[in-house]
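One structure is given below, encoded as structure tokens.
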Number of protein chains: 2
Amino acid sequence: MNLSEVRRAVRSGEWTRPTAGLAPGYLQANLVILPKRMAYDFLLFCVRNPKPCPLLEVTDPGCPVPKKTAPGADLRLDLPRYRVYRNGEWVEEVTDIEAYWREDAVSFLLGCSFTFESLLIEGGIPVRHIEENKNVPMYRTHLPCKPAGMFAGPLVVSMRPLKSKDLIRAVEITSRHPRVHGAPVQVGDPEAIGITDLDRPDYGDAVTVHPGEIPAFWACGVTPQAVAVASRPEWMITHSPGHMFITERRR
Amino acid sequence: MNLSEVRRAVRSGEWTRPTAGLAPGYLQANLVILPKRMAYDFLLFCVRNPKPCPLLEVTDPGCPVPKKTAPGADLRLDLPRYRVYRNGEWVEEVTDIEAYWREDAVSFLLGCSFTFESLLIEGGIPVRHIEENKNVPMYRTHLPCKPAGMFAGPLVVSMRPLKSKDLIRAVEITSRHPRVHGAPVQVGDPEAIGITDLDRPDYGDAVTVHPGEIPAFWACGVTPQAVAVASRPEWMITHSPGHMFITERRR
């Protein structure tokens, strides 16, 4: 489906599944919606932690239109699934959020690893969890994010095992794209960042690591959501994992 | 002078002059201090306008130490001169701001063109206003910045006339350094951005443009200060022009 077909299918409620592979070439984004009262601390957290939290856009309070990255879209309608949180607890999953919208809602759009993985594949580097038809394995590290006001927590990373020959190329490719997490934060030594068992990820699925492969760890877009939930905001809405917002921007 | 000599000389009040050329190799920064109440809008303005407002650091409210870029420094003492504003009017110039400090003071450090000009000179590109021992010419354009809350206004640019052969190289060099304004925003057509007379800059001094030279315009760090003043904050402190904060970061 191209972008306008995706918009129509999502907005009509016809498409409620993940967005991987939809509207090829367009940047996809993580969504975090918070009350204005918490927006300064969250914005500063993103500015201080650009690798896990690459800011694509921040909307004006109450405005559901992402004027910079998708002026024709409505963030209340144009994601296939949303999660609604109360006091840090996930209470509902819905396909539109018109009924939940507030005048003090500030929406944060953050870069997403779907873009990043398509760059690797186009660069000739196979991505294991896609080969194995699984979710990417993600781990809480013991690397602290830079705190900002009410927001603090550890960096979450995603892992992709790579052949030695692909590793340098993967660093080259991803380092050119800081809006989608940039270069890896660590390679080859999971224990150095507090990961003791690659087979037991904190989020997502374990994947096969073949002998001689080097695990490479990238800052992960789960970080800001995990940090936001941990601060128990009275009200928060996010996309459902994998059900991203598709911008009108080419990657 | 090296960095620790500069710190000592500035803190003791011995050095109250501009910082150009001091502590070579260290990033220098613009300083804007605002009350916490206005910090969200200003932070968002910077995020939305990264070319004129490259954020190096934002301090916690009331904390005078820039923990990220200069953990050994104190922003109340370590700039040679400050300007104090009340309701958007410049009321005083002082050499330290201990007596003016507030518990809700949030300090913004923004990239500065001193760094940028030394990169051009090291790249073999002469910088006219330095050759002529003048201040750089700066112009208000008719390009609007992206507004954020209470902050809105036009982009201010600085101009450096370049020989055609130096122009491509200057774009190459500066585009690698987004933290100090990055690539030019326009070259060769001042009227296209609302500048009608190069000999009458809005800030700084006019410089000679030789026949055949191309004027190149870069986003300028005066933009955020001009925008902040225009919003008439009840209280604001900035560095005095040219009297920058020197970080502990290498460029």
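Listed values, structure above:
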item: Given (1) more than 14 Å from chain A (Cβ to nearest Cβ); (2) more than 20 Å from the chain's Cα centre (by Cα), number of the condition B:R17 does not satisfy; result: (2)
item: Those residues of region A:35-65 which are more than 12 Å from chain B (Cβ to nearest Cβ) and buried (at least 21 other Cβ atoms within 10 Å of the Cβ), in sequence order; result: A:P52
item: Test: residue in region B:77-91 that is buried (at least 21 other Cβ atoms within 10 Å of the Cβ), hydrophobic (A, V, I, L, M, F, W, C) and more than 14 Å from every other protein chain (Cβ to nearest Cβ); result: yes
item: Selection from region B:121-152 of residues that are open to solvent by 20 Å² or more (accessible area, probe 1.4 Å) and closer than 15 Å to B:A228 by Cα; result: B:R140, B:P144, B:K146, B:P147, B:G149, B:M150, B:A152
item: Output for region A:89-99, where each listed residue is under 18 Å from A:R11 (Cα atoms) and outside any loop (DSSP other than H, G, I, E, B); result: A:E93, A:V94, A:E98, A:A99
item: Residues of region A:1-20 satisfying the condition of being in contact with a helix residue (DSSP H, G or I) (Cβ under 7 Å, 6 or more places away or on another chain) and at pLDDT below 95; result: A:M1, A:A20
item: Boolean, A:R76 is of a type in the set (K, R) and at pLDDT 95 or above; result: yes
item: Out of B:P161, B:P144, sole residue that is without any contact (Cβ under 8 Å) to a residue 60 or more places away in the chain and either within 14 Å of chain A (Cβ to nearest Cβ) or closer than 16 Å to B:T223 by Cβ (or both); result: B:P144
item: Within region B:188-208, tally of residues that are on the phi < 0 side of the Ramachandran plot, buried (at least 18 other Cβ atoms within 10 Å of the Cβ) and in contact with a helix residue (DSSP H, G or I) (Cβ under 8 Å, 6 or more places away or on another chain); result: 1
item: Test: A:G111 is small (G, A, S), touching a Lys or Arg at 6+ places or on another chain (Cβ under 6 Å) and buried (at least 21 other Cβ atoms within 10 Å of the Cβ); result: yes
item: Every pair of residues 6+ apart whose Cβ atoms lie under 7 Å, when the first sits in region A:103-114 and is of a type in the set (V, I, T) while the second is open to solvent by 10 Å² or more (accessible area, probe 1.4 Å); result: A:V106/A:K36; A:V106/A:P61
item: Those residues of region B:227-251 which are under 17 Å from B:E93 (Cα atoms) and of a type in the set (A, V, I, L, M), in sequence order; result: B:V229, B:M236, B:I237, B:M244
item: Yes/no for B:S164 being within 20 Å of the chain's Cα centre (by Cα) and either surrounded by fewer than 18 Cβ atoms within 10 Å (Cβ to Cβ) or farther than 29 Å from B:R37 by Cβ (or both); result: no
item: Boolean, B:Q225 is of a type in the set (S, T, N, Q) and closer than 20 Å to B:T19 by Cβ; result: yes
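The values are calculated or read from the model by the stated rules, or taken from the named source; none is laboratory data. Just so it is clear, the structure is predicted and the values come from calculations on it, not from any experiment. Positions of Cβ are generated from backbone atoms using ideal geometry, with glycine treated the same way; all protein chains shown enter the neighbour counts. With ligands, DNA and RNA removed, areas are computed over all heavy atoms of the protein, side chains included. Shrake-Rupley method; radii C 1.70, N 1.55, O 1.52, S 1.80 Å.
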